[in-house]
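S.K.: First, the structure itself, so that you have it in front of you.
The values are calculated or read from the model by the stated rules, or taken from the named source; none is laboratory data. Source: prediction; values computed, not measured. Heads up, the Cβs are rebuilt from the backbone with ideal geometry, glycines too, and the neighbour counts pull from every protein chain shown. Heavy atoms of the whole protein, side chains included, go into the accessibility calculation; ligands, DNA and RNA do not. Shrake-Rupley method; radii C 1.70, N 1.55, O 1.52, S 1.80 Å.
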Amino acid sequence: MIYAVSDIHGCYEKYVQLLEIIRFSEGDTLYVLGDVVDRGSGGIRVLQHMKEHGNILPLRGNHEVLAASLLRRLSAPAGLHSRKLVELCQLWFQDGGRETYEAFAALSQEERTRILEYLDTFFIYEEITVNGRNFFLSHTVPEKEKMQNFDSCRWEDFVTGKPDYEAVYFEDRYLVTGHSPTGLIEESSVGRIWKKNRHIAIDCGAVFGNPLGCICLDTLEEFYAEGG
């Protein structure tokens, strides 16, 4: 089976519970659509587990982009050598980066290097076909007009873009994204996967006390790890 999850945000216990719920095995594939780290305390542990499993395929979220950049600079002998970088690091810490940094700093130098190398392997997007359905997987997508003019897109559009959830982008594929907690898309969808207009939004806001949601792309069945 092929699954997708997003915005784990350091919720290691919910992540492990989810793998148990779906009975994840070597014959399955799990796409992780970004924002593994920050806010929760277990982001580094999730990354360590992911990198040991070749059938867990990571895509890049905005939190990975910032974390990778700043962790690399913080690990360098010169550290943060400009006021702008110090201010950026402070903003990152305020948005949950402190938890990631503290866990990263506790690792051996060899493991830090492996984590940074692993973050560099994250895809920006993936296009797959499962049981006759076409899926475009990414952390997020830009507005419809830009997405339909794909050659004009930049990689940033797939980590910080703002989707128009009320618009059907393509008649022949589904967009599967995270980034925006589903309760912000539609209030009645708090803590649950949102499906409409060929969008499948799977960030259920796990780090804010909601379940960690996952969808099986073979069947469109939903799974939730409540934690606790």
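S.K.: Name the single residue, out of those in the range 153-208 being in a helix (DSSP H, G or I) and among the β-branched types (Val, Ile, Thr), that is most open to solvent (accessible area, probe 1.4 Å). Let's see the steps before the verdict.
M.R.: Here is the first cut: in the range 153-208, the ones in a helix (DSSP H, G or I) are 157-160, 182-185, 187-189, 206-208.
Checking which are among the β-branched types (Val, Ile, Thr) leaves us with 159-160, 182, 185, 207.
Working: 159: 4, 160: 80, 182: 0, 185: 39, 207: 40 Å².
Looking at the filtered set, the residue picked out is 160.
S.K.: Can you name every residue in the range 40-68 that is open to solvent by 40 Å² or more (accessible area, probe 1.4 Å) and more than 14 Å from the chain's Cα centre (by Cα)?
M.R.: Those that are open to solvent by 40 Å² or more (accessible area, probe 1.4 Å) and more than 14 Å from the chain's Cα centre (by Cα): 41, 45, 48, 49, 51, 52, 53, 54.
S.K.: For the subset of the range 92-110 comprising residues that are exposed (fewer than 11 other Cβ atoms within 10 Å of the Cβ) and under 24 Å from the mean Cα position of the chain (by Cα), which member is modelled with the lowest pLDDT?
M.R.: Quick first cut of the range 92-110, residues exposed (fewer than 11 other Cβ atoms within 10 Å of the Cβ) only: 94, 106, 108-110.
Imposing the further condition that a residue be under 24 Å from the mean Cα position of the chain (by Cα) reduces the set to 94, 106.
Numbers: 94: 92, 106: 96.
Only one residue tops the list, namely 94.
S.K.: Next question. Here is a list: 193, 215, 124. Which entry is touching a helix residue (DSSP H, G or I) at 6+ places or on another chain (Cβ under 8 Å), β-branched (Val, Ile, Thr) and closer than 22 Å to residue 23 by Cα? Before the answer, list the steps.
M.R.: Numbers: 215 fails: touching a helix residue (DSSP H, G or I) at 6+ places or on another chain (Cβ under 8 Å); 124 fails: closer than 22 Å to residue 23 by Cα.
Being touching a helix residue (DSSP H, G or I) at 6+ places or on another chain (Cβ under 8 Å), β-branched (Val, Ile, Thr) and closer than 22 Å to residue 23 by Cα holds for just one of 193, 215, 124, which is 193.
S.K.: Still on this model: Looking at the range 8-47 only, could you name the residues that are in contact with a strand residue (DSSP E or B) (Cβ under 8 Å, 6 or more places away or on another chain) and assigned to a loop (DSSP other than H, G, I, E, B)?
M.R.: 8, 11, 22, 24, 28, 33, 34, 36
S.K.: I'd like to verify a number: residues in the range 151-171 that are closer than 18 Å to residue 202 by Cβ and touching a helix residue (DSSP H, G or I) at 6+ places or on another chain (Cβ under 6 Å), how many?
M.R.: 5
S.K.: Just one of 204, 153 is modelled with pLDDT of 95 or more and under 24 Å from residue 15 (Cβ atoms); which is it?
M.R.: On the way: 153 fails: under 24 Å from residue 15 (Cβ atoms).
When all the criteria are applied, what remains is 204.
S.K.: Filter the range 93-118 down to residues that are free of Cβ contacts under 8 Å to residues at least 24 places away in the same chain and of a type in the set (Phe, Trp, Tyr), then give me how many there are.
M.R.: Residues flagged as free of Cβ contacts under 8 Å to residues at least 24 places away in the same chain and of a type in the set (Phe, Trp, Tyr) within the range 93-118 amount to 1.
S.K.: Which residue, of 37, 86, is β-branched (Val, Ile, Thr), more than 14 Å from residue 16 (Cα to Cα) and either out of contact with any helix residue (DSSP H, G or I) (no Cβ under 8 Å at 6 or more places or on another chain) or open to solvent by 10 Å² or more (accessible area, probe 1.4 Å) (or both)? Lay out the reasoning, then the answer.
M.R.: Numbers: 37 fails: either out of contact with any helix residue (DSSP H, G or I) (no Cβ under 8 Å at 6 or more places or on another chain) or open to solvent by 10 Å² or more (accessible area, probe 1.4 Å) (or both).
That would be 86, the only listed residue that is β-branched (Val, Ile, Thr), more than 14 Å from residue 16 (Cα to Cα) and either out of contact with any helix residue (DSSP H, G or I) (no Cβ under 8 Å at 6 or more places or on another chain) or open to solvent by 10 Å² or more (accessible area, probe 1.4 Å) (or both).
S.K.: For residue 115, state whether it is open to solvent by 30 Å² or more (accessible area, probe 1.4 Å) and β-branched (Val, Ile, Thr). Spell out the reasoning first.
M.R.: Numbers: open to solvent by 30 Å² or more (accessible area, probe 1.4 Å): no; β-branched (Val, Ile, Thr): yes.
It is false that residue 115 is open to solvent by 30 Å² or more (accessible area, probe 1.4 Å) and β-branched (Val, Ile, Thr).
S.K.: Still on this model: Any residue at all in the range 16-23 that is buried (at least 16 other Cβ atoms within 10 Å of the Cβ) and under 12 Å from the mean Cα position of the chain (by Cα)?
M.R.: Within the range 16-23, none of the residues are buried (at least 16 other Cβ atoms within 10 Å of the Cβ) and under 12 Å from the mean Cα position of the chain (by Cα).
S.K.: Here's another thing I want to ask about it. What is the residue count in the range 129-147 for residues that are closer than 13 Å to residue 171 by Cα and among the hydrophobic types (A, V, I, L, M, F, W, C)? Talk me through it step by step, then tell me what you get.
M.R.: We begin by selecting, within the range 129-147, every residue closer than 13 Å to residue 171 by Cα; these are 133-136, 144.
Applying the additional criterion that residues be among the hydrophobic types (A, V, I, L, M, F, W, C) yields 135-136.
Number satisfying all stated conditions: 2.
S.K.: Additional query: Which one of 121, 129 is of a type in the set (Ser, Thr, Tyr), open to solvent by 50 Å² or more (accessible area, probe 1.4 Å), in contact (Cβ under 8 Å) with a residue 12 or more places away in the chain and not in a helix (DSSP H, G or I)? Don't jump to the end; show me each part of the working.
M.R.: Values: 129 fails: in contact (Cβ under 8 Å) with a residue 12 or more places away in the chain.
Exactly one residue qualifies, and that residue is 121.
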